[in-house]
1. F298 to V26: extension gain in nm, 0.36 nm per residue of separation minus the Cα-Cα distance?
2. Report, by chain and number, residues whose modeled amide H sits under 5 Å from the one on S269, excluding near sequence neighbours (fewer than 5 apart, same chain).
3. Highest mean first, what order results for 172-181, 245-254 on Cβ atoms within 10 Å?
4. Identify, among L106, A124, V86, the residue whose Cα sits farthest towards the positive end of the charge dipole of the stretch 77-139, taking +1 on the Cβ of Lys and Arg and -1 on the Cβ of Asp and Glu, with the dipole about the Cα centre.
5. Could you give the nm distance between label points at E195 and L106, where each point is 7 Å from its Cα heading toward the beta carbon?
6. Tabulate in residue order the Karplus-calculated ³J(HN,Hα) for the stretch 103-115, using 6.51 cos²θ - 1.76 cosθ + 1.60 with θ = phi - 60°, rounded to whole Hz; enter x for Gly and Pro.
7. Using the 2.2 N^0.38 Å rule of thumb for compact globular proteins, work out how the chain stacks up: its C-alpha Rg over that value, please.
8. From the backbone phi of the stretch 229-243, what are the Karplus-calculated ³J(HN,Hα) couplings (6.51 cos²θ - 1.76 cosθ + 1.60, θ = phi - 60°) in whole Hz, Gly and Pro given as x?
Amino acid sequence: MRGDASLDGPEGSDAGGDLDRGFDPVARLGERETSGLRRDLTPAEAVQPRTRIAEDPGADRVSFEGDERLLFAANDYLGLAGDDRVQRAAAETAREVGTGSGASRLVTGDTTAHRALERDLADAKGTARALVFSSGYATNVGVIDALGPDVVFSDELNHASIVDGCRLAGAETVVYDHCDPAALRARMRERAETEDGATGESWLVLTDSVFSMDGDVAPLESICDVVEAFGAWLMVDEAHATGLYEGGGGIVQREGLADRVHVQMGTLSKALGSQGGYVAGSEPLIEHVLNAARSFVFSTGLAPPAAGAAREALRIAREDDEHRDRLWENVARLREGLADAGYEVWGETQILPVVVDDREDAMALDEQLRKRNVVAPGIRPPTVPEGTSRIRVAPMATHSDSAIDRCLTAFREAGREVGVI
């Protein structure tokens, strides 16, 4: 029995028991609806270039009806999520090791599947060692926090996981102009001339290599020059580049910069068709991260089947040029066809942003493409800057010639319908 009966109810209480301190998700959803930012889940029947898409069923069972749609929205760039060899590797690892790790890697969740994948990743990235996490997002927030820099210099278009990693680390964050080494140098010089900047602070420069919304590539060699001039460290996010270049590497490998980039990060969930993230670097770096990255220490280890699948996908990416060659052929055909149709196409990689400026036009174009059984998402602010709304087109190596032709036809017809070409 309580010692003070007055605490049993709001009457006579100074705790404000008549106040509603809860949450109103209905109102919050209404705000998103009003601002045009509410989104729905749309289940896909399979991770394939062609699949049926269902309307959001909420808590009910998913029901697939209608025609298959061409999927130009996935980051499975090499089409390896549906590759028989990768699927067999996942199944074999599940049988041999288990479907889940069962614990943190630091407890009993460290398996032979993880170690084999990490050795191959380190070899592909040209580093002493690698460490895999449960996701790319967990990798970025965990590694940045583990490094604990005093100051971070971050490209203005870096991925949200980098932004959140800086927040979690509590670092002072200096944002520099997108892909502009001169702007980075100016920001670093300004900091060096301050009282704090002259006292031996730890500085970390952060950049994506391939930017997921613009499809452009960071000038890594010039960024390395700036970083080295100020004695800082450089961390490069290769999420949208890993596996797409010779030897299964990314832009760091393409440019021959592995010995100049202190921290290489990437994902297993895009070109490698699996799940998870990784960090690669020196032996002391990895030993420190596995002890200090909270998203690693306090998470169950990556599921062994995902590790097995990623390892096989990495092997294919390193040894088989066919998938890469086919991807770049599809990219070139789409880029040329979209430009010939009258669209403005940004970037220089496998990510093709078709820029239509106006957010309403972008979402109308998205809808008209879906009516023609092509799924390519409309991207609008705040994900991208005002006036740069776009359709983000992501071809796969497994798209056939006829699929590319159908996609281009749909863009021509939908663009005329909406009035953007």
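1. This chain segment gains 94.6 nm when fully extended.
2. Amide H neighbours of S269, under 5 Å, 5+ apart: S274, G276.
3. 245-254, 172-181
4. L106
5. 3.7 nm
6. 6, 4, 4, 7, 9, 10, x, 8, 10, 4, 5, 5, 5
7. 1.09
8. Karplus-based 3J(HN,Hα) across the stretch 229-243 equals 5, 10, x, 8, 10, 10, 10, 10, 8, 9, 3, 9, 10, 3, x Hz.
Each reported figure results from applying straightforward, stated rules to the coordinates on display, with no laboratory input. Keep in mind the model is a prediction, meaning the values are calculated, not measured. Glycine also receives a Cβ, built like all others from the backbone with ideal geometry; neighbour counts cover every protein chain displayed.
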